[in-house]
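Engineer: Here it is, the structure, as structure tokens.
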Amino acid sequence: MSNDSSQSPPDRRGLIAFAWVWVGVPLAYGVFELVRKATQLFTG
Amino acid sequence: MSPPVAPPGWSRWLVPPAALSVHLSIGQAYAWSVFKPPLESALGLSGTQSALPFQLGIVMLGLSAAFGGTLVERNGPRWAMTVALVCFSSGFLLSALGAATEQYWLIVLGYGFVGGIGLGIGYISPVSTLIKWFPDRPGMATGIAIMGFGGGALIASPWSAQMLESFGSDSSGIAVAFLVHGLSYAVFMLLGVLLVRVPRTEKPVSGGPSILEGPQVSARSAVRTPQFWCLWVVLCMNVSAGIGILEKAAPMITDFFADTSTPVSVSAAAGFVALLSAANMAGRIGWSSTSDLIGRKNIYRVYLGAGALMYALIALFGDSSKPLFILCALVILSFYGGGFATIPAYLKDLFGTYQVGAIHGRLLTAWSTAGVLGPLIVNWIADRQEEAGKGGASLYGLSFVIMIGLLVVGFVANELVRPVHARHHIPAPREAADVERQQSESA
């Protein structure tokens, strides 16, 4: 019979990946738009 | 409301995205200018009037961070993130109603007043929790979150512009855009509310430092120490110097090279502003993480000392070399961002983790002051120089000298920072933490 202390904590790697993708995708979009605009300094 | 304690095995790497979901949202405030021209033409407003929601929002940010900090510490990060979500999103919804009914006061009240409370509470909501989860790397942890505030404008600026293009720039189009903003940000911030947890033990990193290590000072005592006011001056001077460039970046680079063989076009100036935003954001995470390695006092020596040197280089040789001008401006802006992001870790070093979020909230009044001081200096001097018939780089020479002076004042204030005297420490940190825990459990 198992008790609480013998149970290993749940694997949260999926949740960690989801959370970082959740914030990473919009941030990547913002950075992409920024880089597009910033190149105007050298081409504009 | 009791703070949400992490279950066994909860990863601390879930806390930075929780913080980012809030900061990336509220950072939208710096993209308010996208709404200005459509509001002006749809509701017949002047430029000054259309800036009101943003200005009130920033004032409310400072006030709610300063006065709400203790509540945030007491009720925990989930409560704070929920308040931020509700206020920030309902600010947009009220603004949508205001635009649909062409009642501008509703937009000022909604976005500025209600949304502004969301900005302040949201800004400080994850700081204390991040520092507790990352006692070994507090600079990096708060750098990630505060970088998000800079990143929020990068996302919102093109996104909002695209939305106005799709829905139209008349009052009903603006109303729909506000509505979509309010609902989208509510969903996006919900991740933070659901994920944020406070560590269940004093040592969230196995073998790492304890979150109650070192002196612990309450927010009430902290504001009575010279260290708090030294850091207030440090932040105020550093931010003023950064805003000095940020505020007039586009006209500044155009004026500097107007009479040269390589004048700067309008689109190139816009590219320069974008590049400054990138430096600002990179400085938040890069310099703040570096402070974990070289120490907080040393990193502020760099921000303030090297910052003054960069201003001197621009003043002396800026108009003769475009790469030098751009490089110096980028470094100054990276220091500006770094200064914002490193201050919570500096506060943690001096006052401990006990009420660091509340102390940070009170210190943000330096930001509000700098937000007025920096642009005032640069704009006022540039206007007077223009009236005196000057042009080009000479419009800004005096401003740069003043900025160097401000940075020197900040440098001296940083040198005066010493460890907090033992009479300000709370008697027994663990005892105080136990009392806090009991209070929150019985609430």
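Engineer: Looking only at segment B:403-421, which residues are touching a residue at least 40 places away in the same chain (Cβ under 8 Å) and over 16 Å from B:Pro226 (Cβ atoms)?
Structural biologist: Within segment B:403-421, B:Met403, B:Ile404, B:Leu406, B:Leu407, B:Val408, B:Phe411 meet the criteria.
Engineer: Name the one entry in B:Gln227, B:Gln216 that is buried (at least 20 other Cβ atoms within 10 Å of the Cβ) and in contact with a strand residue (DSSP E or B) (Cβ under 8 Å, 6 or more places away or on another chain).
Structural biologist: Every option except B:Gln216 fails the conditions.
Engineer: Restricting attention to segment B:1-54, which residues are among the β-branched types (Val, Ile, Thr), more than 11 Å from every other protein chain (Cβ to nearest Cβ) and in contact with a helix residue (DSSP H, G or I) (Cβ under 8 Å, 6 or more places away or on another chain)?
Structural biologist: Our first condition is that a residue be among the β-branched types (Val, Ile, Thr); within segment B:1-54, this holds for B:5, B:15, B:22, B:26, B:34, B:48.
Remaining after also requiring more than 11 Å from every other protein chain (Cβ to nearest Cβ): B:5, B:26, B:34, B:48.
Result: B:Ile26, B:Val34.
Engineer: Here's a follow-up. Which count do you get for residues in segment B:144-163 that are free of Cβ contacts under 8 Å to residues at least 60 places away in the same chain and touching a His at 6+ places or on another chain (Cβ under 9 Å)? Reasoning before the result, please.
Structural biologist: Taking segment B:144-163 first, the residues free of Cβ contacts under 8 Å to residues at least 60 places away in the same chain are B:158-159, B:162-163.
Then drop every residue that is not touching a His at 6+ places or on another chain (Cβ under 9 Å), which leaves B:159, B:163.
So the answer is 2.
Engineer: Identify all residues within segment B:237-296 that are of a type outside the set (A, V, I, L, M, F, W, C) and within 11 Å of chain A (Cβ to nearest Cβ); write none if there are none.
Structural biologist: Residues satisfying the conditions are B:Ser265, B:Ser267, B:Gly271, B:Ser277, B:Asn280.
Engineer: Assess whether B:Arg418 counts as being more than 11 Å from B:Ala241 (Cα to Cα), modelled with pLDDT of 85 or more and assigned to a helix (DSSP H, G or I). Talk me through it step by step, then tell me what you get.
Structural biologist: Working: more than 11 Å from B:Ala241 (Cα to Cα): yes; modelled with pLDDT of 85 or more: yes; assigned to a helix (DSSP H, G or I): no.
Here the answer is no, as B:Arg418 does not meet what is asked.
Engineer: Return yes or no: is B:Phe340 part of a helix (DSSP H, G or I) and at pLDDT 95 or above? Steps first, answer last, please.
Structural biologist: Working: part of a helix (DSSP H, G or I): yes; at pLDDT 95 or above: no.
It is false that B:Phe340 is part of a helix (DSSP H, G or I) and at pLDDT 95 or above.
Engineer: Within segment B:165-180, restricting attention to residues that are over 18 Å from B:Gly91 (Cα atoms) and touching a helix residue (DSSP H, G or I) at 6+ places or on another chain (Cβ under 6 Å), which residue is farthest from the other protein chains (Cβ to nearest Cβ)?
Structural biologist: Just the residues of segment B:165-180 that are over 18 Å from B:Gly91 (Cα atoms), to begin with: B:165-170.
Then drop every residue that is not touching a helix residue (DSSP H, G or I) at 6+ places or on another chain (Cβ under 6 Å), which leaves B:167, B:169-170.
Details: B:Phe167: 19, B:Ser169: 20, B:Asp170: 25 Å.
Among those that are over 18 Å from B:Gly91 (Cα atoms) and touching a helix residue (DSSP H, G or I) at 6+ places or on another chain (Cβ under 6 Å), it is B:Asp170.
Engineer: Also: Read through the list (1) under 26 Å from B:Phe340 (Cα atoms); (2) in contact with a Ser or Thr (Cβ under 8 Å, 6 or more places away or on another chain), then give the number of the only condition that B:Trp79 fails.
Structural biologist: Of (1) under 26 Å from B:Phe340 (Cα atoms); (2) in contact with a Ser or Thr (Cβ under 8 Å, 6 or more places away or on another chain), only one is false for B:Trp79: (2).
Engineer: So for segment B:357-364 (the condition being surrounded by 24 or more Cβ atoms within 10 Å (Cβ to Cβ), in contact with a Pro (Cβ under 7 Å, 6 or more places away or on another chain) and of a type in the set (Gly, Ala, Ser)), does at least one residue qualify?
Structural biologist: The answer is no, given that none of the residues of segment B:357-364 is surrounded by 24 or more Cβ atoms within 10 Å (Cβ to Cβ), in contact with a Pro (Cβ under 7 Å, 6 or more places away or on another chain) and of a type in the set (Gly, Ala, Ser).
This table checks each residue for (1) surrounded by fewer than 19 Cβ atoms within 10 Å (Cβ to Cβ); (2) within 14 Å of chain A (Cβ to nearest Cβ).
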site	(1), (2)
B:Phe113	yes, no
B:Ile124	no, no
B:Pro138	no, no
B:Gly148	no, yes
B:Gly182	no, no
B:Gly192	no, yes
B:Arg197	no, yes
B:Arg200	yes, yes
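Engineer: Looking at (1) under 27 Å from B:Ser368 (Cα atoms); (2) at pLDDT 95 or above, find the lone condition where B:Ser125 falls short.
Structural biologist: Condition not satisfied by B:Ser125: (2).
Residue by residue, here is whether (1) surrounded by 14 or more Cβ atoms within 10 Å (Cβ to Cβ); (2) facing chain B (nearest Cβ under 8 Å); (3) at pLDDT below 85; (4) under 16 Å from B:Ser11 (Cα atoms) holds:
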{"site": "A:Gln7", "(1), (2), (3), (4)": "no, no, yes, no"}
{"site": "A:Pro10", "(1), (2), (3), (4)": "no, yes, yes, yes"}
{"site": "A:Ile16", "(1), (2), (3), (4)": "yes, yes, no, yes"}
{"site": "A:Val23", "(1), (2), (3), (4)": "yes, yes, no, no"}
{"site": "A:Pro26", "(1), (2), (3), (4)": "yes, yes, no, no"}
{"site": "A:Leu34", "(1), (2), (3), (4)": "yes, yes, no, no"}
{"site": "A:Gln40", "(1), (2), (3), (4)": "yes, yes, yes, no"}
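The values are calculated or read from the model by the stated rules, or taken from the named source; none is laboratory data. This is a predicted model, so every value here is computed, not measured. All Cβ positions, even for glycine, are placed from backbone atoms using ideal geometry, and neighbour counts span all protein chains on display.
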